[in-house]
1. Relative to the longest principal axis of the chain, what angle (0 to 90°, nearest 10) does the C-alpha long axis of helix 174-183 take?
2. For segment 1-134, what proportion of DSSP beta bridges, expressed in % and rounded to the nearest 5, is antiparallel?
3. Please identify every one of the trypsin sites (Lys or Arg not before Pro) in segment 221-259 that sits in a loop by DSSP and has no more than 11 other beta carbons within 10 Å of its own beta carbon.
4. May I ask for log10 I(q)/I(0) of segment 38-88 at q = 0.28 Å⁻¹, from a Debye sum over the Cα atoms as equal point scatterers with solvent left out?
5. For LEU212, list long-range residues whose amide hydrogen, built 1.01 Å from N in the peptide plane, is under 5 Å from its own amide hydrogen.
6. Report the far tail of the P(r) of the chain, meaning the percent of Cα-Cα pairs longer than 29 Å.
7. So if we plug the beta-carbon distance of SER37 and HIS66 into 1/(1 + (r/R0)^6) with R0 = 22 Å, what FRET efficiency do we get, rounded to 0.05?
8. Return the loop-located chymotrypsin sites (Phe, Trp or Tyr not before Pro) in segment 165-263 (DSSP other than H, G, I, E, B) with at most 13 other Cβ atoms within 10 Å of their own Cβ; answer none if there are none.
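Just so you know, all these numbers are worked out from the coordinates, no wet-lab data involved. What you see is a predicted model; the values in this text were computed from it and never measured. Ideal geometry is used to build each Cβ from the backbone, glycine not excepted, and the neighbour counts take in all protein chains shown.
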Amino acid sequence: MGSATRADGPLLIGGRPFASRLIVGTGKYRSNAEMVSAIRASGAEMVTVAVRRVDLDRTKEQGILHHLDPAEFFLLPNTAGCYTAADAIRYARLGRAAGLNDWVKLEVIGDERTLLPDTGATLEAARELVADGFHVLAYTNDDLITALRLEDAGCAAVMPLASPIGSGLGLVNPYYIREIKRRLAVPVIVDAGVGTASDACLTMEQGVDGVLMNTALAAAEDPVGMARAMRLAVRAGREAYLAGRMASREIAVPSSPRAGMLE
């Protein structure tokens, strides 16, 4: 392991440490067995579960929760599929009441076609859930002002998108992501739009604290193989950021000095 890795600490969210900076979802897999194998291959410790879309009864073998051991994975309930602040608050509380935990990945969608977030409703829900004792990780767009307001609302982490959910377009606006990371004190986890390992590596090279993905793994031809690739890519991107890249130039610079060359 290089010096960059040794100098790096764990990802801290809400005071809880995570060794892995990759967070993965549980939707769209062809089988529960494939889902668990891919999650394990990814090395992720935190795993998201859509409260509105899964059976919260752990005793049912066909359900996702039956296959996710809380002793192995930290389960992060999310409010996917919610289009109002009231719905998001309701499903966050439902997940807590069902015995998940008081953490929530907050999603309030504003547009059904693009699945872009409703930032006003997200802020409204975040304030109420924080006041209700939740650790809120808020999905948002790549807008600095919204990110700052979510931090001010008490969110434990802010999660700007790389590109629209499920698009696989990769990191569309690296400048905005870097600026959000520079300005916020809470962790910045890029969520949505990562399609392949190079996308994950490039995203981590911006200095963000982590990456969350789902479709990139579940929709791959080989989800387990892609999960392994993503694990390595996230690590490589983090180490490259910590190591500090060379300066970009518009002219060639010889890698060997001209002085002392043999005639």
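1. Taking Cα atoms only, the helix is inclined about 80 degrees.
2. Numbers: 4 of 11 bridges.
That works out to approximately 35 percent antiparallel.
3. Passing sites in segment 221-259 are ARG245, ARG249, ARG258.
4. -1.11
5. Those qualifying (amide H under 5 Å, at least 5 residues apart or on another chain) are ILE23, VAL190, ASP191, ALA192.
6. Working: 10243 of 34453 pairs.
Result for the distance tail: 30 percent.
7. The calculated FRET efficiency here is 0.90.
8. Within segment 165-263, no chymotrypsin sites (Phe, Trp or Tyr not before Pro) qualify (loop, at most 13 other Cβ atoms within 10 Å).
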